[in-house]
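The values are calculated or read from the model by the stated rules, or taken from the named source; none is laboratory data. Here the structure is a predicted model, which is why all the values come from computation and not from measurement. Note: ideal-geometry Cβ built from the backbone for every residue, glycine included; neighbour counts use all protein chains shown. Side chains included, ligands, DNA and RNA excluded: accessible areas come from the protein's heavy atoms. Shrake-Rupley method; radii C 1.70, N 1.55, O 1.52, S 1.80 Å.
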Amino acid sequence: MSAPPRVLTVAGSDSGGGAGIQADLKTMLALGVHGMSVLTAVTAQNSLGVQGAWELPVEAVRAQYRSVVDDIGVQAVKTGMLSSAELVGTVADLLAGTDAPTVVDPVGVSKHGDALLAASALDSVRTKLLPVATVVTPNLDEVAQLTGVRVASEPDMRRAAAAVLEFGPRWVVIKGGHLAGGASEEAVDLLTNGTEEHWLRAPRHDNRHTHGTGCTLASAIASYLARGHAVPEAVSAAKAYVTGALASGFSLGGGIGPVDHGWALRRGEA
């Protein structure tokens, strides 16, 4: 039996299992690819928030990456929590030397509002990480962090996308899930490379258990890219997967529970 497509996640650990490396690997399993991991940080995290975070040494991150890529190889890479300028620069250099599409989730703040990216690292994200990205997937708060553009309406999403693309990624997904007003029954994302424009709409589910949404979307995009889909098809399929995971999100602990990464497996829709 031949090996499935291989996808590498470079991200932090979520001890509660809802986001980070744990969400990435669950998503990859659900979508039929072999998930591998480079751990960048350890967090003490649960449904209530992040109680602590410890970044791994750059040498440990580099060694994990080289160990996997040089022996096993990858068809796509996804990045998540990279909390310092030094770590961002190191990972960007590694990605630049890897012949595989890269999906960058520019994680800045956790679902609970906890900072996961040092302010001093923002410029490294802009100048080193985004230029090597095939797809970058900021939410509205991350757009504001990176570009200063505040999105209050769908037309603002075009301005935000243009501002992000100026940093050099090939494609950007502006995630409008937090957009207030408008068609409140829809969650709207904008995918564009500056020439093509794709508006992705899905039902907005009344479910507060949404922990891990951003990690899950980026990992799903990387999984579909590894399976050979073009970017627009990969992002559209990933949005459909995440929409189902959001609809099935469940209570866990005393706060915000995770999305359900296994929903498609149980229904045979992956």
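Restricting the search to region 233-250, which residues are over 12 Å from Asp189 (Cβ atoms) and in contact (Cβ under 8 Å) with a residue 12 or more places away in the chain?
Ala234, Ala237, Tyr241, Gly244, Ala245, Leu246, Ala247, Ser248, Gly249, Phe250
Assess whether His198 counts as being open to solvent by 10 Å² or more (accessible area, probe 1.4 Å), assigned to a loop (DSSP other than H, G, I, E, B) and either out of contact with any Asp or Glu (no Cβ under 8 Å at 6 or more places or on another chain) or among the β-branched types (Val, Ile, Thr) (or both).
Answer is no for this residue.
Could you please find all residues in region 51-91 being surrounded by fewer than 20 Cβ atoms within 10 Å (Cβ to Cβ) and among the small types (Gly, Ala, Ser)?
Those that are surrounded by fewer than 20 Cβ atoms within 10 Å (Cβ to Cβ) and among the small types (Gly, Ala, Ser): Gly52, Ala53, Ala60, Ala63, Ser67, Gly73, Ser84, Ala85, Gly89.
With the requirement that a residue be at pLDDT 95 or above, open to solvent by 30 Å² or more (accessible area, probe 1.4 Å) and touching a strand residue (DSSP E or B) at 6+ places or on another chain (Cβ under 7 Å), what does region 112-138 give you?
Answer for region 112-138, where residues must be at pLDDT 95 or above, open to solvent by 30 Å² or more (accessible area, probe 1.4 Å) and touching a strand residue (DSSP E or B) at 6+ places or on another chain (Cβ under 7 Å): just Val132.
For Gly253, are the conditions met, namely being part of a loop (DSSP other than H, G, I, E, B), open to solvent by 20 Å² or more (accessible area, probe 1.4 Å) and either among the aromatic types (Phe, Trp, Tyr) or touching a strand residue (DSSP E or B) at 6+ places or on another chain (Cβ under 7 Å) (or both)?
yes
Report yes if Glu269 is at pLDDT below 95, in contact with a strand residue (DSSP E or B) (Cβ under 8 Å, 6 or more places away or on another chain) and more than 22 Å from Thr134 (Cα to Cα), otherwise no.
It is false that Glu269 is at pLDDT below 95, in contact with a strand residue (DSSP E or B) (Cβ under 8 Å, 6 or more places away or on another chain) and more than 22 Å from Thr134 (Cα to Cα).
Considering only region 12-28, state which residues are of a type in the set (A, V, I, L, M, F, W, C) and within 11 Å of the chain's Cα centre (by Cα).
Ala19, Ile21, Ala23 - these are the residues of region 12-28 that are of a type in the set (A, V, I, L, M, F, W, C) and within 11 Å of the chain's Cα centre (by Cα).
Identify all residues within region 211-270 that are more than 26 Å from Val172 (Cβ to Cβ) and of a type in the set (D, E, K, R); write none if there are none.
Residues satisfying the conditions are Asp260, Arg266, Arg267, Glu269.
Which residues, counting only those in region 2-17, are modelled with pLDDT of 95 or more and either in a loop (DSSP other than H, G, I, E, B) or open to solvent by less than 10 Å² (accessible area, probe 1.4 Å) (or both)?
Pro4, Pro5, Val7, Leu8, Thr9, Val10, Ala11, Gly12, Asp14, Ser15, Gly16, Gly17
Given Leu48, Leu31, which one is in contact (Cβ under 8 Å) with a residue 24 or more places away in the chain, open to solvent by 60 Å² or more (accessible area, probe 1.4 Å) and either under 21 Å from Leu246 (Cα atoms) or under 14 Å from the mean Cα position of the chain (by Cα) (or both)?
Leu48
Among the residues of region 203-237, what is the count of those that are of a type in the set (Gly, Ala, Ser) and open to solvent by 10 Å² or more (accessible area, probe 1.4 Å)?
Here the count works out to 6.
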